[in-house]
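What follows is a single structure, written as structure tokens, with notes after it.
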Amino acid sequence: MSDQPGLQVALRQEAPIPLAAEFACTPGEVLALVGPSGSGKTTILRSIAGAYRPRHGAVAINGETWFCSDDNIHLPPHRRAVGMVFQNYALFPHMTALQNIMTAMERLPPGDREAEARHLLQMVHLDGLEERRPTALSGGQQQRVAVARALARKPQALLLDEPFSAVDKATRQRLYREIADLRRALNMPIVLVTHDLDEAIMLADRMAVLHHGRTLQTGTPEEVTTRPLSPEVARLVNLRNVFDGTIAGHRKEGGAVIHWAGLVLETAQDVRLPPGTAVCWVIPDGFVVLHRRDRPSRGEHENPVTGMVESMLSIGQAAMLTMRPHHDARLPLHFSVPLHVARRNGLAPGVEVTVSLLAEGLHLMPAE
Amino acid sequence: MDWTALIISLRLAVFTVLILLPIGIAAGRVLAYRNFPGKGVVEALVALPLVLPPTVFGYYLLVAFGAASPIGQVWQETFGHQLVFTFEGLLLASIIFNLPFAIQPMERGFEAIAPEIREAAACCGLTPWRALLKIELPLALPSILTAMVLSFAHTLGEFGIVLMVGGSIPGETRTIAIAIYDRVQAFDEAGAAQMSALLLAISLVTIALVFIFSRRGDRWPK
């Protein structure tokens, strides 16, 4: 932790809230902390802001140390140039939108504050609502005031704690776009806490998956959602096709062969494990390809699995299917196809289907 | 109408409220925000004057302030006169028996401020002092005003403790509540009635103010 630009965080403690988190966020980058509720996301954010002091660890930004347990450094929040957007925005209820923002401008001479605050409100498209109290603002408007207030301090990092959880879906879509626009203008590390995986995938450059205060994996959304480091991560990022297997051997062209409940499957992944080693494997929905009944399709010969459709659920333009493979009906396989494909192929509960598990998507992990 | 007694009562009430204001804010904040060993004991001690019979409480204060006690001795050495049966002694007693009326409403007021609001103030760059002035005090203001009005009214009306610690020295410790009792003893019905009516009016105004402040407190949803 020295003179690197951006935010570096390493936190460790056993109790009262277990923490073992380590990540960095460079200027202009959006890092999402993702995990179920109670996974320590908010505690980590509060530790960065200085509202919580963990037992061990360090927080540094652009070469400046905010917290270092070894050197007994712990700056209070008002001395850390951090912008924080709270889950329920925590706007000051006795102040107007403009006053809320001006409160975060103690660094400026009093005469300059109002003009600057009006400018910030304009930036978040709230001009005209300067004199409104928080109770007279909608959820989306409150969120924008909270963002403007967080930026009013000219922070070195922006921390967002579930900033979209308190607004309706339509507003959320609009706010996503605004945050995406804003980050381009800001060029500071942005840490976004969310339990919503889709939100993280949409907004973040990288994500850190958290469970019980531990960062289990940090990587791009694509990495984390297709190549999870462990079955635990796989389940946390909503990958449902997680199974046990054993290494059977290796392919000449690279990649491994595994046994799965009597079936032999190939993967493109190169692993150097001796045959007989127990592994876990996962295949994201997108790599499960339906065999068309009328003509052969891509990857026909890759890891075919036949079974019976157990359930079909349409969500928007997609059909989410669960099939029970004939070789072992206790191992349900989940996949999705566009709704029109499901219709054309006459998919319905009780119908027999064959799918291919594409070798490039079949990902091996250590056994649990 | 015993104007001297009324003025002593008003002086006592004003000084009590002014001295209790910072004490109540400090103690109310600590009790609302912090957890420490023995917090329950402290809260029980603060509430004690609410349940203890005034004469009993007055008796212990009399003993504690008397010439034989450490407090009484230090006072005697510093100021050259005794503490009991003086206005200063009465004021000290008044501050102590008003602690629950000052601290408890303020504690509730600070408790009602969401922790995120206080964290937001710090994350806005406000030092603890600035956060107290700009965020906490304005939000707790209705509770603080309620506490002040309750302490004021309670001081005007207190009888038992005032009599025990202050005696009934005209021009020094005879308050209006004691003057009323004196008038009744002296069969001065008219004097007692006038002063009682005045205290009744003050009590009504007090209750009205408390209700107005607590409604103001509801303006900001928690």
On the given criteria, is B:Gly40 at pLDDT 90 or above and either part of a helix (DSSP H, G or I) or within 28 Å of A:Tyr52 (Cα to Cα) (or both)? yes
Only one of B:Leu20, B:Leu45 is touching a residue at least 40 places away in the same chain (Cβ under 8 Å) and either part of a helix (DSSP H, G or I) or surrounded by 13 or more Cβ atoms within 10 Å (Cβ to Cβ) (or both); which? B:Leu20
So A:Trp66 clears everything in (1) crowded, with 24+ Cβ neighbours inside 10 Å; (2) within 20 Å of A:Leu210 (Cβ to Cβ); (3) within 14 Å of chain B (Cβ to nearest Cβ) except one condition, right? Which one? (2)
If a residue must be over 13 Å from B:Leu61 (Cβ atoms) and among the small types (Gly, Ala, Ser), how many such residues does the range B:84-118 contain? 4
From the set of residues in the range A:75-112 that are assigned to a loop (DSSP other than H, G, I, E, B) and more than 9 Å from chain B (Cβ to nearest Cβ), which is surrounded by the fewest Cβ atoms within 10 Å (Cβ to Cβ)? A:Pro109
For the structure I just gave you, tell me whether A:Ile44 is closer than 21 Å to B:Leu126 by Cβ and either touching a strand residue (DSSP E or B) at 6+ places or on another chain (Cβ under 7 Å) or more than 9 Å from every other protein chain (Cβ to nearest Cβ) (or both). no
Which residue out of A:Val309, A:Val337, A:Val355, A:Val279 is part of a strand (DSSP E or B), more than 30 Å from the chain's Cα centre (by Cα) and of a type outside the set (S, T, N, Q)? A:Val309
Has the range B:161-182 got at least one residue that is at pLDDT below 90, among the acidic types (Asp, Glu) and more than 14 Å from B:Asp2 (Cβ to Cβ)? no
Out of A:Ala146, A:Ala115, sole residue that is hydrophobic (A, V, I, L, M, F, W, C), surrounded by fewer than 16 Cβ atoms within 10 Å (Cβ to Cβ) and out of contact with any Gly (no Cβ under 7 Å at 6 or more places or on another chain): A:Ala115
Of A:Leu364, A:Leu321, A:Leu331, the only residue that is part of a strand (DSSP E or B) and either in the same structural domain as A:Pro228 (by TED's automatic domain parsing) or touching a residue at least 40 places away in the same chain (Cβ under 8 Å) (or both) is A:Leu364
Scope the range B:56-69; condition exposed (fewer than 15 other Cβ atoms within 10 Å of the Cβ) and modelled with pLDDT under 90; matching residues: B:Ala67, B:Ala68
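The values are calculated or read from the model by the stated rules, or taken from the named source; none is laboratory data. All figures in this text were calculated on a predicted structure; none of them were measured in a lab. Please note: Cβ atoms are built from the backbone with ideal geometry, for glycine as well, and neighbour counts cover all protein chains shown.
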